[in-house]
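Throughout, read-outs are computed from the coordinates displayed, never taken from laboratory work. No experiment lies behind these values; they were computed from the predicted model shown. Note: ideal-geometry Cβ built from the backbone for every residue, glycine included; neighbour counts use all protein chains shown.
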Amino acid sequence: MLLEGLIAVLIFSIGILGIVGLQAAMIKGTSDSKYRIEAGYVAQQRISQIWVDPANLANYAENQTDISATSGLPSGKRSTTRGAASCDLDINNQPSLKCFVVKVEWQPPGSTEIHNVTTVAHVQE
């Protein structure tokens, strides 16, 4: 009878450890999705700024701008490229200057991997 009790406690303990591991994976997934949503929001915000000011398109190109303090993304950086290679080509086989690529990068705490969200938009002048 004592042996049966020990086996039952062992099986119960393994089940509890499995549930704790599942909960840890769910928390990591939730924080990853929170960062992806925030990065998408930052990219769409930048595209919106460009759309409402088509007269000044040349002013929106930027290299790695630190946005970690204003966005909630750990080690967050945003870059905006006008006429990037991933844009459609114009009649001269050059990337269109009406095309913008906004890339938002971040590095989650405790991770060495850099995540990113990239958005491409076409602006009419």
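Averaging sequence separations of C-alpha pairs under 8 Å and six or more residues apart, then dividing by the length of the chain, give the relative contact order as a whole percent. Don't jump to the answer; show the numbers that get you there.
Details: 171 pairs, mean separation 26.7, N = 125.
Value for the chain: 21 percent.
Return the FRET efficiency for the residue pair ILE114, ALA24: r is the Cβ-Cβ distance, R0 is 30 Å, and the value is rounded to the nearest 0.05. Intermediate values should be presented prior to the final figure.
Values: r = 22 Å, r/R0 = 0.74.
Efficiency for this residue pair is about 0.85.
Just to verify a number: FRET efficiency for ILE14 and ALA58, C-beta to C-beta distance, R0 = 41 Å, to 0.05? Please list the in-between numbers first.
Numbers: r = 62 Å, r/R0 = 1.52.
Working from the Cβ atoms, E equals 0.05.
Measuring from centroid to centroid over Cα atoms, what is the spacing of the range 69-125 and the range 1-65 in Å?
Taking the Cα centre of each part, the range 69-125 and the range 1-65 sit 21 Å apart.
[x] 49, 27, 26; [y] 84, 31, 24; [z] 40, 32, 24: which one is Cα extents along the principal axes in Å as calculated from this entry?
[y]
Only four residue types carry charge here, +1 at the Cβ of Lys and Arg and -1 at the Cβ of Asp and Glu. Report the dipole size of the chain about the Cα centre in Debye, rounded to the nearest 20.
On the way: 9 positive and 11 negative charges, 16 e Å.
Once rounded to the nearest 20, the dipole reads 80 debye.
So what's the back-of-envelope 222 nm ellipticity for the chain, counting only DSSP H runs of four-plus at -39500 (n - 2.57) apiece and dividing by all residues, rounded to 500?
Working: 2 runs with 54 residues, N = 125.
Only helices count here, giving -15500 deg cm²/dmol.
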